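**Student:** Quick one: this structure, given as structure tokens, is what I'll be asking you about.
The values are calculated or read from the model by the stated rules, or taken from the named source; none is laboratory data. Keep in mind it's a predicted model, so treat the numbers as computed, not measured. Note: ideal-geometry Cβ built from the backbone for every residue, glycine included; neighbour counts use all protein chains shown.
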Amino acid sequence: MRLQDDYEEHSGMSPTVVMAIVAVTLFVAAILVIVLGMNYEKNAGRRSQAEQQGSSPVITDPPGIDELVSGSQLRPQDLDFWDLYPPEEPEASEAPAATPAPQTVEIDPSTDGRHTLVENPDGTQEWVLISPYLPKHKYDFTKLVCQSDRMKYFENGTQISFEGINLSELQDYVDFAQVKKSGIDFVMLRVGARGYSTGQLILDEYFADNLKRATDAGLDVGVYFYSQAVTVEEAQEEANMVIENLGEYQISYPVAYDMERVLNDSARTDSLSRAERTDITKAFLETIEAAGYKTLIYGNKEWLVKQIDMSKLTAYDVWLSQVADIPDYPYKFSMWQYDRSGDVDGVSGHVDLNISFVDYSEK
């Protein structure tokens, strides 16, 4: 049997051609195996690097035949066309609700208990914050009684206050025996004053006579000086004038310092600052105290609250001037001038009425 010859006759290809085709096929297969092996090693290196960086390995599909043949240089990001379109705007209903503005609560200073009403010299009023650092008075004004136009303060049914008046040369001659008989306990006499325009020191015309006759009548006596000092030195000069004119009289009530506004006119003290007024006040009182006398600061509510710094004068008692049924000065005070048109036997015309919550004759 001749097999080789039969094969040639039926296949139409010679053994040489067949072997060439097989060889080409094997060659192409070998190239594919080599390329796939190289791509596998590249991907394996990427996975190893991702694992070392703690991220998930990136799995890349093996390239197709067309990519290997064409040698394309395209990268995945080159095919990312989503950024070509702008993001959709949120619907109006999806917009966040606006945060409402915080509402401020208005505080009523007339009811908050932290303010006090002050009337200014021009008639305007303002609420001033009460200082938490100044000592407050502890009076219970339900115990304050007005009898025959005189203020009296009671505790446990007993009167513990003292009635007084203050006088100057404006009252002319005073019958102090009649004053004493009318129920007055003490009198505050003006020693003198400094001129509010000239700055000249003036001794009260009736001071020496009033001092002697009031003492002889058995009244407790205190004195005051109307100041227009613009320097510490002038305040000391005023204090020394008071001490000199008291002489040998042993007064039982304090020496009061009175600096106040001049109504309807300008005064030499108008330009003083609050700090300057405070220093001048302190200089006067220190000089008086050094001479062995008790001291008082006289003033109305506006003066004491706004015109001097009472936080630097807490060592001194206060003589409050406020015409009212009940005083509303929040801080500590020991004497109160409550009426400027009182009537007292022995005094011609009107006179200022006072109440003392302290018995200075025993202090």
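**Student:** Quick one: which residue in Thr287, Thr295 is more than 22 Å from Phe186 (Cα to Cα) and among the polar types (S, T, N, Q)?
**Tutor:** Matching residue, one of Thr287, Thr295: Thr287.
A quick yes/no check of all residues on (1) touching a strand residue (DSSP E or B) at 6+ places or on another chain (Cβ under 6 Å); (2) surrounded by 13 or more Cβ atoms within 10 Å (Cβ to Cβ); (3) on the phi > 0 side of the Ramachandran plot; (4) at pLDDT 95 or above:
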site	(1), (2), (3), (4)
Leu144	yes, yes, no, yes
Gly157	no, no, yes, no
Phe162	yes, yes, no, yes
Asp172	no, no, yes, no
Ala177	no, yes, no, yes
Ile184	yes, yes, no, yes
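**Student:** So if I check each of Ser341, Ser321, which one is among the polar types (S, T, N, Q), within 41 Å of the chain's Cα centre (by Cα) and closer than 17 Å to Val255 by Cβ?
**Tutor:** Of the residues listed, the single one that is among the polar types (S, T, N, Q), within 41 Å of the chain's Cα centre (by Cα) and closer than 17 Å to Val255 by Cβ is Ser321.
**Student:** Which condition number does Ser361 fail, the rest of (1) surrounded by fewer than 18 Cβ atoms within 10 Å (Cβ to Cβ); (2) over 24 Å from Leu246 (Cβ atoms); (3) touching a residue at least 40 places away in the same chain (Cβ under 8 Å) being met?
**Tutor:** (2)
**Student:** What are the pairs, 6+ residues apart or on separate chains, where a residue within the stretch 231-257 that is surrounded by fewer than 24 Cβ atoms within 10 Å (Cβ to Cβ) has its Cβ under 6 Å from a residue that is part of a loop (DSSP other than H, G, I, E, B)?
**Tutor:** Ile243/Ala291; Ser252/Ser361
**Student:** What's the number of the condition Ala235 fails, among (1) assigned to a helix (DSSP H, G or I); (2) more than 27 Å from Phe333 (Cβ to Cβ); (3) among the small types (Gly, Ala, Ser)?
**Tutor:** Answer for Ala235: the failing condition is (2).
**Student:** Take Val305 and tell me if it is among the β-branched types (Val, Ile, Thr), under 21 Å from Thr269 (Cα atoms) and crowded, with 16+ Cβ neighbours inside 10 Å.
**Tutor:** So Val305 fits the description; yes.
**Student:** List the pairs whose first member sits in the stretch 273-292 and is not assigned by TED's automatic domain parsing to the domain that holds Gln250, whose second member is among the hydroxyl-bearing types (Ser, Thr, Tyr) and outside any helix (DSSP H, G or I), and whose Cβ atoms are under 6 Å apart, counting only residues at least 6 apart or on separate chains?
**Tutor:** Between residues of the stretch 273-292 that are not assigned by TED's automatic domain parsing to the domain that holds Gln250 and residues that are among the hydroxyl-bearing types (Ser, Thr, Tyr) and outside any helix (DSSP H, G or I), there is no close pair.
**Student:** Another question about this same structure. Any residue at all in the stretch 106-126 that is in contact with a helix residue (DSSP H, G or I) (Cβ under 7 Å, 6 or more places away or on another chain), in contact (Cβ under 8 Å) with a residue 24 or more places away in the chain and either loosely packed, with under 10 Cβ neighbours inside 10 Å or in the same structural domain as Glu205 (by TED's automatic domain parsing) (or both)?
**Tutor:** no
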